[in-house]
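Bear in mind these aren't lab numbers, they're just calculated from the coordinates by the rules spelled out. A quick note: this is a predicted structure, and the numbers were derived from the prediction, not measured. Positions of Cβ are generated from backbone atoms using ideal geometry, with glycine treated the same way; all protein chains shown enter the neighbour counts.
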Amino acid sequence: MLVITERLPQPCRSDTDLLLSFELRSKTRLRTRTVDGEEAGLFLTAGAPLAHGQCLRAEDGRVVRILAADEALLHVRCASPEALCRAAYHLGNRHVHLQVGDGWLRLLDDYVLEQMLQQMGAEVSRLFAPFNPESGAYGSGHHHSHGKEAAFQYAPKLHLFGQPA
């Protein structure tokens, strides 16, 4: 089995690829197969979900590139930038992962959210494409405690735009 243990800081030339959905790219422990059919296991430290094009190193030195698999998505457009911001606000308030583009939003297909967006006047269509949502302002996922547990008491790590998380 190919044992993958290290995140590499930037895209690079790879020896093999892993084609993964967003849900699987969010896991740090995973048993899967490369696109070539070789059994592989992820054993990564916690962090932001793996991004399309990100490279990892296996224990044997090989480099593995992550590819975002096509998924069923909702593509959202609105009549104005204000309406699009309102849609993003309501989706964010529900902790929905969002991919943000120039004049559009994408989210995983969900009929309840689709109906909410349509009621808000948004134009919603379905498509099958890779899903690459924002990683969040703090760079490594959603971590907070409403109960103030000690494990969650750390200084925030703000996302530096244009730099890898």
* To do: Name every residue in the range 9-61 that is in contact with a Lys or Arg (Cβ under 8 Å, 6 or more places away or on another chain) and β-branched (V, I, T), in order of residue number.
  => T16, T45
* To do: Would you point out the residue of the range 23-39, among those that are among the hydrophobic types (A, V, I, L, M, F, W, C) and farther than 15 Å from A51 by Cβ, that is nearest to the chain's Cα centre (by Cα)?
  => L30
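Quick check, is A88 within 20 Å of L2 (Cα to Cα) and aliphatic (A, V, I, L, M)?
Values: within 20 Å of L2 (Cα to Cα): no; aliphatic (A, V, I, L, M): yes.
Criteria not met by A88.
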* Structure fact -> Wholly inside the range 1-85, strands (runs of 3 or more DSSP E) that include 1 or more residues that are in contact (Cβ under 8 Å) with a residue 60 or more places away in the chain and crowded, with 18+ Cβ neighbours inside 10 Å are 2-7, 63-68
